[in-house]
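What follows is one structure encoded as structure tokens, with my remarks underneath.
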Amino acid sequence: MKDKIVKIDRRTFLKTTSISATGLLLGMHFSCTNTAKKLMGDPSANFSPNVYLNINGSGDVTIIAHRSEMGTGIKTSLPLVLADELEVDWEKVKVVQAVGDAKYGDQNTDGSYSVRMFYPIMRKAGATARRMLEQAAANEWKIDVSECKAKNHEVINSDGDVLGFGYLADKAALLPMPEEHEVKLKSPEEFKFIGKKTSIVDLEDIVTGKAIFGLDTKLEGAKVALVKRPPVAGGKVKSFNADAAMQIPGVQKVFEITSPGFPLQLDAPLGGVVVVADNTWAAMKGRNALKVVWDNGVNGNYDSDAYMETMMQKAKVKGKVRRKQGDADKALQAASKKVEAEFRVHHLSHAPMETPCAMAHFKDGKIEVWAPTQEPQWARGAVGGAVGLEEKNVTVNVTLLGGGFGRKSKPDYVVEAAIISRESGFPIKLLWTREDDIQHDYYHANCAQHISVGLDESGAVNAWRHRTVFPAIGSTSNAKANEPSGAELSQGVLDMPYDIPNVSCESNNASAQVRVGWLRSVANINHAFAIGCVLDEVAEKRGVDPAQNLLDLLGNDRNIDMDALSKEFWNYSEKLEEFPWNTARFRNVIEEVKKLSGWGKSMPAGSAMGIAAHRSFLSYVACVVEVKVENGKVKIPKAYYAVDCGVAVNPERVKAQFEGGAVFGASIGLKSKITVKKGIVQQGNFDTYEVARITDAPVETEVFIVPSNEKPTGVGEPPVPPFAPALCNALYRVTGKRIRQLPITV
Amino acid sequence: MSAFKFTLNQKEVEVDAAEDTPLLWVLRDNLAMTGTKFGCGKALCGACTVHLDGQPVRSCSLPISAIGEKKVTTIEGIANGELHPVQKSWIAEDVPQCGYCQSGQIMTAVALLNNNSNPTDEDIDEAMAGNICRCGTYVRIRRAIKRAAKEGNS
């Protein structure tokens, strides 16, 4: 009988209790007390030792996911860290998405730092709760806590007595928080989830269509809104005529929402004319019927191709020196051989499969929104500010995100929905069409670069001069911030790791004339492309293998004191003592990707491999891309990655990020380009703004994760930067043509 | 507005909609069936894929008036008591990242396997090229289709 009760699962238990058998079941259970196994307690009991965790008397564990899920698996991985330290049965854990609230700490799901920042916090949260459950058991048994051990949802003692987490919940809730020294984190050998595969918590809901994304929330009486926005960023409505739109059956209201104009903002809508209708189709037809006359404003002459050449002219002359060792100009003059090249990367759009969207309900001095947002706290503040409510009256519910890539960290669309709900008096579902998304994005900064590398007579590289010109993200909202920040330059430029005596890293000014924002791996895209390609040319000039060239230039194994090399160096907001720039780890991923790819093996005609390596978001990544060119068409049979990201919490999801990062890299390398003429984005949908399809993506991607007990670092963005240069270097081996512009034209 | 009757996931449904309303919005707005997703509105990305008499179609570009007597199947309708073999293989290969495009990917894959029980890489490319996944789950989509084919044939 005892065994039978013990094995009863939670669902069966709940079902049984629902037919009022609680007493009976518990009664039988308690009658077995001499066997010392008590699993459940008062079902209404709750043990919530921190904001992320609740254990109730039935032993049900709720863990809060406070970071946004946009495909990285973070909604699973961080709760898993807490669950591991807590020693729970993962089957009994329910993961609940947090609303935007400062009490959870940082919720800005951006910059590939969720695990890095919260790994220690979640471990401590779990370990502290575990300790309290053990203490509660010790008190029950009147023994010392050192004789109690939590294991798989239960605390056991040396006599084999067992108390379930459910039974202990109300008792643990009465205990004081343990002292710091009493909380013992697990050793890596004790991990039960960390470092092992766990599927994402929403997996079955996703494949059955039940998962709830931005527009899937059901809200009684909700109307659909679409906005016709100024075609030129910073433009305004001069006049509009809503007569034809109002004739469309189902259209309820048409009105203007004002624009902040210029400068543009990272958290404010662009303004425009809103159509509110009973359903989506009526809203679309209504919007098509609108007639609007625009004032295009200060960006009405922006031509992105022309501006690229303006930036390139600046990249070819001396800029503002941001890092300097020795005298690169002089060394270049004296060099016996030189490699000099210019590189162009154009604007890119995020184009997440789910366009920006939000539900908002303004009612009785409060507002509630449901949004696929990467940054619910920013959304909360921005919504409150826009509709004139204090934060306490603003609730931001975070749905699943149908992709983010940096786009959905900006809360402009959430604010837009909130304003429209307040103005219209309806609960509002705001939809952005694909054209809205592609034409009113916060674009990746276009970038012109010029790199000069000098070699001495012995073939050693003794000069490196890197000039980069691109509109800083800061210049979107502040016209004076027209020089890239140290943080933007530390994405490949200032953190150049190669052991070269004469170095000059320079920038020049540029201004954002569309909304510029961060896109998956940000400035690393431009800089890793240019550096990765130029180093391949250096290898050729030196007459050495490209992978060996990287290892040669890296020099001796060491921690590089980047702070000493440039005052402006930024280590992704971490101290170098905590997260060093370690060349041995960089060297190792290069060695590992060589092994993984069979680097150096002979390839059939028309096929070749290329390599590039890049550290970003504190992770070390090397990438080999294998290409095959057939009838002028580029195929990527295989991509290989070696990554050192410290502890890989959920290695299977880390691999998925690299598989996906390769595809994102293939889009950047082969497909995607935004051009702007007279301030208007020329692309509108996936026919003109192309992204990689299954036919463009690597057929296979192999990923080697370096086993490590180092602190965990980023995995969402780091796969992207080295992919395009590895691809370009592979293509050069086939075509003999150097590629200096993305996307590639073969 | 007109009344339209059609068969959705083996049940008769009736909706009141403008006759040019795309099936996607009828599903989502009129019937609150939100498993089918909006991605582009122009039949370019495949996120809205459903079956019309078993064939994959882009519901964002199919007016409700064109459905007539044909049977519509959505992601909510392919499991039959238990998950569809393609859904199972999607789970076994941990295909989804954000998951948004996966309803459409699965519907296209189911149709592919209904027509071709043992697709080659080229067959998969051809069938799946209309479905964009911005997270880049293509290597797993390919593996999951092959797994479902193998398990279906064994």
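The values are calculated or read from the model by the stated rules, or taken from the named source; none is laboratory data. Bear in mind that the values here come from a model prediction, so they are computed numbers and not experimental data. We place every Cβ from the backbone using ideal geometry, glycine too, and count neighbours over all the protein chains shown. Note: accessible area is taken over every heavy atom of the protein model, side chains too, but ligands, DNA and RNA are not part of it. Shrake-Rupley method; radii C 1.70, N 1.55, O 1.52, S 1.80 Å.
Residue A:266 meets all of the listed conditions (1) under 30 Å from residue A:653 (Cβ atoms); (2) open to solvent by less than 40 Å² (accessible area, probe 1.4 Å); (3) at pLDDT 95 or above but one, namely (3). Against the numbered list (1) buried (at least 24 other Cβ atoms within 10 Å of the Cβ); (2) under 30 Å from residue A:202 (Cβ atoms), residue A:445 comes up short only at (2). Exactly one residue among A:659, A:630, A:626 is open to solvent by less than 20 Å² (accessible area, probe 1.4 Å) and among the acidic types (Asp, Glu), and that residue is A:659. Is there a residue in the stretch A:479-501 that is over 30 Å from residue A:577 (Cα atoms) and not hydrophobic (A, V, I, L, M, F, W, C)? Yes, the stretch A:479-501 has at least one match. Residue count for the stretch A:201-234 under the criterion of being open to solvent by 20 Å² or more (accessible area, probe 1.4 Å), at the interface with chain B (Cβ under 7 Å from one of its Cβ atoms) and in contact with a Gly (Cβ under 6 Å, 6 or more places away or on another chain): the result is 0. Restricting attention to the stretch B:95-120, the residues that are facing chain A (nearest Cβ under 7 Å) and part of a helix (DSSP H, G or I) add up to 3.
Checking every residue in the stretch A:336-353 against the condition of being aromatic (Phe, Trp, Tyr), touching a helix residue (DSSP H, G or I) at 6+ places or on another chain (Cβ under 8 Å) and part of a strand (DSSP E or B) gives at least one match.
Note on the stretch A:368-381: among residues that are among the hydrophobic types (A, V, I, L, M, F, W, C) and buried (at least 24 other Cβ atoms within 10 Å of the Cβ), the one that is farthest from the chain's Cα centre (by Cα) is A:369. Inside the stretch A:294-317, can you point out the residues that are closer than 23 Å to residue A:263 by Cβ and among the β-branched types (Val, Ile, Thr)? Within the stretch A:294-317, A:298, A:310 qualify. Checked against (1) within 14 Å of chain B (Cβ to nearest Cβ); (2) open to solvent by 10 Å² or more (accessible area, probe 1.4 Å); (3) of a type in the set (A, V, I, L, M, F, W, C), residue A:357 meets all criteria but (2).
Does the stretch A:280-291 contain at least one residue that is open to solvent by 50 Å² or more (accessible area, probe 1.4 Å), more than 14 Å from every other protein chain (Cβ to nearest Cβ) and not small (Gly, Ala, Ser)? Yes - at least one qualifying residue is present in the stretch A:280-291. Taking the criterion of being under 32 Å from the mean Cα position of the chain (by Cα) and open to solvent by 10 Å² or more (accessible area, probe 1.4 Å), the residues of the stretch A:269-279 that qualify are A:269, A:270.
Just wondering, is there one or more residues in the stretch A:189-199 that are in contact (Cβ under 8 Å) with a residue 24 or more places away in the chain, within 30 Å of residue A:676 (Cβ to Cβ) and either within 14 Å of chain B (Cβ to nearest Cβ) or surrounded by 21 or more Cβ atoms within 10 Å (Cβ to Cβ) (or both)? No, that holds for no residue. The residues in the stretch A:235-263 that are open to solvent by 50 Å² or more (accessible area, probe 1.4 Å) and not in a helix (DSSP H, G or I) can be counted, and the count is 12. Of all residues being within 8 Å of chain A (Cβ to nearest Cβ) and not in a helix (DSSP H, G or I) in the stretch B:69-94, which is nearest to residue B:130 (Cα to Cα)? Just the residue, please. Checked the stretch B:69-94; the qualifying residue nearest to residue B:130 (Cα to Cα) is B:74. Applying the criterion of being part of a strand (DSSP E or B) and within 14 Å of another protein chain (Cβ to nearest Cβ) to the residues of the stretch A:688-744, the residue that is surrounded by the fewest Cβ atoms within 10 Å (Cβ to Cβ) is A:700. Among the residues making up the stretch A:455-472, those that are open to solvent by less than 10 Å² (accessible area, probe 1.4 Å), part of a loop (DSSP other than H, G, I, E, B) and of a type outside the set (A, V, I, L, M) are A:470, A:471.
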